[in-house]
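The values are calculated or read from the model by the stated rules, or taken from the named source; none is laboratory data. No experiment lies behind these values; they were computed from the predicted model shown. Here the Cβ positions follow ideal geometry from the backbone for every residue, glycine too, while neighbour counts run over all protein chains shown. Heavy atoms of the whole protein, side chains included, go into the accessibility calculation; ligands, DNA and RNA do not. Shrake-Rupley method; radii C 1.70, N 1.55, O 1.52, S 1.80 Å.
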Amino acid sequence: KQEVTQIPAALSVPEGENLVLNCSFTDSAIYNLQWFRQDPGKGLTSLLLIQSSQREQTSGRLNASLDKSSGRSTLYIAASQPGDSATYLCSGAGSYQLTFGKGTKLSVIP
Amino acid sequence: ETGVTQTPRHLVMGMTNKKSLKCEQHLGHNAMYWYKQSAKKPLELMFVYSLEERVENNSVPSRFSPECPNSSHLFLHLHTLQPEDSALYLCASSQELGQGPYEQYFGPGTRLTVT
């Protein structure tokens, strides 16, 4: 059974800092790895999806990497802004089931 | 309306009530999902539908009853719930079901409180 772990559980950084969020998964037989953002009391917004054959994806200030052999993914956020404050979730996809981590709660301090 | 919508956004119900959650996707997708998000727990997949047929029921109690009348609509019928069922219920859709780069798009969720 797939298990997804996200470290740290919470992170507080000053505005402008670059940061890395970590995600690890136990079953390397994933079809893709998806990063989401969730604002308090809201649904999930997809940020990046990395297919199993890819190593990384970039969107603006965000860069996500995938290393299936080690069961790890990272989300890099450059030049963080207060608007980036949210909970970030990663999920590993089986055939159709997404298995989620508990998330990293990010606070960017102005 | 665009994307995935859910109604109601908030619901308070007693343990003897019957209510329904509604999800509608405007993306032309063929697969739809119900997830439960409880405090301090990861999102849990509850049900999966592909072309209106249920393909997954993740050991969900029978007090939760899904219905998918067409590929754009998904319902979750609730009856005789317990306080521990209080959670954020999220609906999602994807273009297809199965292997590959099929991103799941989520609705805003229904915050359910069972009293």
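Filtering the stretch A:37-54 to residues that are closer than 20 Å to residue A:94 by Cβ and without any contact (Cβ under 8 Å) to a residue 24 or more places away in the chain leaves A:46, A:49, A:50, A:51, A:52, A:53, A:54. Only residues that are within 12 Å of the chain's Cα centre (by Cα) and hydrophobic (A, V, I, L, M, F, W, C) were counted in the stretch B:1-30, giving 3. Of the residues making up the stretch A:1-26, just one is loosely packed, with under 13 Cβ neighbours inside 10 Å, more than 15 Å from the chain's Cα centre (by Cα) and within 24 Å of residue B:87 (Cα to Cα), namely A:1.
Every listed requirement among (1) closer than 18 Å to residue B:23 by Cα; (2) open to solvent by less than 50 Å² (accessible area, probe 1.4 Å) is met by residue B:114 save one, (1). Mind checking whether some residue in the stretch A:95-110 is among the polar types (S, T, N, Q), more than 30 Å from residue B:57 (Cα to Cα) and under 16 Å from the mean Cα position of the chain (by Cα)? So far as the stretch A:95-110 goes, yes, one or more of its residues are among the polar types (S, T, N, Q), more than 30 Å from residue B:57 (Cα to Cα) and under 16 Å from the mean Cα position of the chain (by Cα). Of the strands (runs of 3 or more DSSP E) contained entirely in the stretch A:27-110, those carrying at least 2 residues that are modelled with pLDDT of 95 or more and surrounded by fewer than 18 Cβ atoms within 10 Å (Cβ to Cβ) fall at A:56-59, A:62-67, A:72-77, A:104-109. Take the conditions (1) surrounded by fewer than 17 Cβ atoms within 10 Å (Cβ to Cβ); (2) under 23 Å from residue A:94 (Cβ atoms); residue B:89 misses just one of them, which is (1). For beta carbons closer than 8 Å, sequence separation of 6+ or different chains, a first residue in the stretch B:1-12 that is open to solvent by 100 Å² or more (accessible area, probe 1.4 Å) and a second that is acidic (Asp, Glu) and assigned to a strand (DSSP E or B), the qualifying pairs are B:1/B:24. Identification of strands (runs of 3 or more DSSP E) wholly contained in the stretch B:18-115 with 1 or more residues that are free of Cβ contacts under 8 Å to residues at least 60 places away in the same chain and within 14 Å of chain A (Cβ to nearest Cβ) yields B:18-25, B:31-37, B:44-50, B:53-57, B:87-94. Residues in the stretch B:37-81 that are closer than 15 Å to residue B:20 by Cα, open to solvent by 30 Å² or more (accessible area, probe 1.4 Å) and of a type outside the set (A, V, I, L, M, F, W, C): B:62, B:63, B:65, B:67, B:69, B:73, B:77, B:79, B:80. Residue B:50 - would you say it is under 20 Å from residue A:90 (Cα atoms) and hydroxyl-bearing (Ser, Thr, Tyr)? No; evaluated as a whole, the condition is false for this residue. Could you check, for the stretch B:27-36, whether at least one of its residues is closer than 30 Å to residue A:10 by Cβ, surrounded by fewer than 19 Cβ atoms within 10 Å (Cβ to Cβ) and not charged (D, E, K, R)? No; the residues of the stretch B:27-36 include none that is closer than 30 Å to residue A:10 by Cβ, surrounded by fewer than 19 Cβ atoms within 10 Å (Cβ to Cβ) and not charged (D, E, K, R).
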